[in-house]
Amino acid sequence: MIDNFKTMFFVKSSLISLYLALTFPIPLISTDNLKLISSITFIFGLFLIFDVTSDYVQTCDTKIVYKTSFISKIFGKKSWEIIWDDIKLIKSFPTSQGSKVYYFITNKNKNYLVPQRLDDFENFLLLVGKKTGLKVDNLTYISPLWTYKLLTFLSILMIIGELIFFTL
């Protein structure tokens with residue numbers, strides 16, 4: 001059986017709404033000779049954000065696969081694949097912001113970042129624990145979910161403010 005775990009909705013929405021809040025006014029305030037290029041750049045950037053946030057994890061009975069988008073590959077983010085039996089441990093490392101990132105460490109001592117921004121993260125962890133036999137109780141999201149929700153809310157407020165300003 002194959003399971004797919006997509007990027008969390010609130011991670012996507014926070015990045016997309018922040019992009020919109022920061023770039024939406026640019027085509028509107030551009031000079032006439034730059035309106036077309038700024039509009040095209042805005043649409044292209046929006047496409048990039050949608051593409052970059054479409055990475056996902058796929059699992060089956062034998063392996064776990066992290067699939068990146070085309071644009072992510074261009075920027076150096078690689079897809080990877082690990083056979084469940086090759087994972088010997090999950091190691092945590094602190095971040096400069098005070099949270100933790102986790103890595104799958106394989107029998108060949110290769111490190112693969114554990115995706116921590118997935119929808120249905122709890123079921124993902126249950127599956128990882130079941131397939132590897134490793135303890136996954138301490139694994140959490142990289143950032144609390146409220147941070148993504150707050151960023152989305154603030155970005156939407158910015159967009160509303162910009163719409164009000166440009167319609168007056």
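Any read-out appearing in this document is the output of simple, stated calculations on the displayed coordinates, not a laboratory observation. Remember, predicted model here, so these are calculated numbers, not experimental data. No Cβ is skipped: glycine too gets one built from the backbone with ideal geometry, and neighbour counts run over all protein chains shown.
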Residue tally, condition of a type in the set (G, A, S) and either in contact with a Lys or Arg (Cβ under 8 Å, 6 or more places away or on another chain) or loosely packed, with under 12 Cβ neighbours inside 10 Å (or both), over region 55-93: 3
Matching entry among T68, T59, T23, T41 (being touching a residue at least 24 places away in the same chain (Cβ under 8 Å) and not basic (K, R)): T59
Residue list for region 133-157, filter: in a helix (DSSP H, G or I) and crowded, with 17+ Cβ neighbours inside 10 Å: Y148, L151, T152, S155
Qualifying residues in region 114-132 (those that are part of a helix (DSSP H, G or I) and either crowded, with 17+ Cβ neighbours inside 10 Å or aliphatic (A, V, I, L, M) (or both)) - the one nearest to the chain's Cα centre (by Cα): F121
Residue within region 78-91 that is of a type in the set (K, R) and outside any loop (DSSP other than H, G, I, E, B) present: yes
Long-range neighbours under 6 Å by Cβ, at least six apart or interchain, first residue more than 14 Å from D86 (Cα to Cα) within region 110-134, second outside any loop (DSSP other than H, G, I, E, B) and of a type in the set (S, T, N, Q): R117/T7; L127/T59
Candidate set from region 94-113 (those that are of a type in the set (D, E, K, R) and surrounded by 12 or more Cβ atoms within 10 Å (Cβ to Cβ)); member that is farthest from V65 (Cα to Cα): K100
Restricting region 1-38 to residues that are of a type in the set (K, R) and in a helix (DSSP H, G or I), the residue that is farthest from the chain's Cα centre (by Cα): K35
